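Enquirer: Handing you a structure now.
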Amino acid sequence: MSAALPKVLCLKKGTLLKQVFPLSRAATPRESRLCAAGDALVSCHRHYKSRPTHGIGRFKYLLPKEVPKKKKDKIQMKPINVGTEHEYGDVNIQMTSYDMCLVEHFAQYVHKLCNRLSIRVNESYAMPTKTNEVLFLEERGSKMQLDAVLTTHQRVVQISGLSSTFAPILLEVIQSSQPEGVHLLVKEHTEADFKSRLKSRPELEELLAQMN
């Protein structure tokens, strides 16, 4: 009996060792991971700071390439169409009023009317507004006082190729629909009309006069 007991104990110890070894082997990777994480937390060494960003956050290469802006050329006057015996050349239909909405709608009406009647419209444009001050003199005073400020709005519809036989009919139709408070003027286009559209520079004109 005494000889059989140590064999049983040895067998029990062997089975216990076999159960302990796998447990210890399974525990070692966890410990290694924890140690590695602890080292990273303690060291706080960031490797990505020394590496280039390789264009992260850049978006300009995604946008289309901008075309360089061309400098605006000076406005040059087009050659004036003088006309023939049976046709008028360039004709300006000028509309002037103190009410901007009124003259604007009337200019649109004249433009559409010419398009319906197959009359060629070269251009339709607005002239610079003009301001007039109305002053009055008191009965027993010598100073002028401001009474009102009037702003004049002008629109121009330029047509060409109007036949001499159809011109009276067109003018009659336009005059019949002319609203109150709008002054109508029909005249041939000249070089002075083109220059009146441009902004005057008195200082530049004075310097040019001194040079000449």
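Enquirer: From the list K130, K199, K195, pick out the single residue that is basic (K, R) and within 15 Å of M95 (Cα to Cα). Give the steps one after another, and end with the answer.
Expert: Details: K199 fails: within 15 Å of M95 (Cα to Cα); K195 fails: within 15 Å of M95 (Cα to Cα).
Just one listed residue meets the conditions, K130.
Enquirer: Here is a follow-up. Here's a check for you: in the stretch 153-194, which residue that is in contact (Cβ under 8 Å) with a residue 24 or more places away in the chain and among the charged types (D, E, K, R) is farthest from K130 (Cα to Cα)?
Expert: In this case the residue turns out to be E188.
Enquirer: Could you look through the stretch 179-193, keep only residues that are exposed (fewer than 15 other Cβ atoms within 10 Å of the Cβ) and either charged (D, E, K, R) or touching a Phe, Trp or Tyr at 6+ places or on another chain (Cβ under 8 Å) (or both), and pick out the one that is nearest to M77 (Cα to Cα)?
Expert: In the first step, residues of the stretch 179-193 are kept if they are exposed (fewer than 15 other Cβ atoms within 10 Å of the Cβ); the result is 179-181, 183, 185, 187-188, 190-192.
The next check asks that each one be either charged (D, E, K, R) or touching a Phe, Trp or Tyr at 6+ places or on another chain (Cβ under 8 Å) (or both); those that pass are 179-181, 187-188, 191.
Working: P179: 32, E180: 34, G181: 32, K187: 18, E188: 15, E191: 8 Å.
This residue is E191.
Enquirer: Right, M95: touching a helix residue (DSSP H, G or I) at 6+ places or on another chain (Cβ under 6 Å) and either of a type in the set (F, W, Y) or outside any strand (DSSP E or B) (or both) or not?
Expert: The answer is no for M95.
Enquirer: Applying the selection to the stretch 73-92, what residues are outside any loop (DSSP other than H, G, I, E, B) and either touching a helix residue (DSSP H, G or I) at 6+ places or on another chain (Cβ under 8 Å) or over 16 Å from L185 (Cβ atoms) (or both)?
Expert: Quick first cut of the stretch 73-92, residues outside any loop (DSSP other than H, G, I, E, B) only: 83, 87-88, 91-92.
Of everything in the stretch 73-92, those that are outside any loop (DSSP other than H, G, I, E, B) and either touching a helix residue (DSSP H, G or I) at 6+ places or on another chain (Cβ under 8 Å) or over 16 Å from L185 (Cβ atoms) (or both) turn out to be G83, E87, Y88, N92.
Enquirer: Let me ask something additional. May I ask you to list pairs of residues, at least six apart or on different chains, whose Cβ atoms are under 8 Å apart, with the first in the stretch 197-212 being at negative phi and the second being not in a loop (DSSP other than H, G, I, E, B)?
Expert: R197/Y125; R197/M127; R197/P128; K199/P128
Enquirer: When residues of the stretch 80-108 are filtered for being surrounded by fewer than 16 Cβ atoms within 10 Å (Cβ to Cβ) and of a type in the set (S, T, Y), how many remain?
Expert: So the count comes out to 2.
Enquirer: Please find, within the stretch 156-212, the residue that is nearest to H105 (Cα to Cα) out of those that are part of a helix (DSSP H, G or I) and hydroxyl-bearing (S, T, Y).
Expert: Keep residues of the stretch 156-212 that are part of a helix (DSSP H, G or I), which gives 167-176, 191-197, 202-211.
So of that shortlist, the ones also hydroxyl-bearing (S, T, Y) come out as 176, 196.
Details: S176: 15, S196: 23 Å.
Among those residues, the one meeting the criterion is S176.
Enquirer: Could we say that E139 is farther than 21 Å from M95 by Cα and over 37 Å from the mean Cα position of the chain (by Cα) here? Break it down into steps so the answer makes sense when it comes.
Expert: Numbers: farther than 21 Å from M95 by Cα: yes; over 37 Å from the mean Cα position of the chain (by Cα): yes.
Answer is yes for this residue.
Enquirer: Could you go through the stretch 156-177 and let me know if any residue there is open to solvent by 80 Å² or more (accessible area, probe 1.4 Å), closer than 23 Å to M100 by Cα, at pLDDT 85 or above and of a type in the set (D, E, K, R).
Expert: Within the stretch 156-177 (the criterion being open to solvent by 80 Å² or more (accessible area, probe 1.4 Å), closer than 23 Å to M100 by Cα, at pLDDT 85 or above and of a type in the set (D, E, K, R)), the answer is no, since none of the residues qualifies.
The values are calculated or read from the model by the stated rules, or taken from the named source; none is laboratory data. No experiment lies behind these values; they were computed from the predicted model shown. Every residue, glycine among them, receives a Cβ derived from its backbone with ideal geometry; neighbour counts consider all protein chains shown. These accessible areas exclude ligands, DNA and RNA; they are computed on the full protein's heavy atoms, side chains included. Shrake-Rupley method; radii C 1.70, N 1.55, O 1.52, S 1.80 Å.
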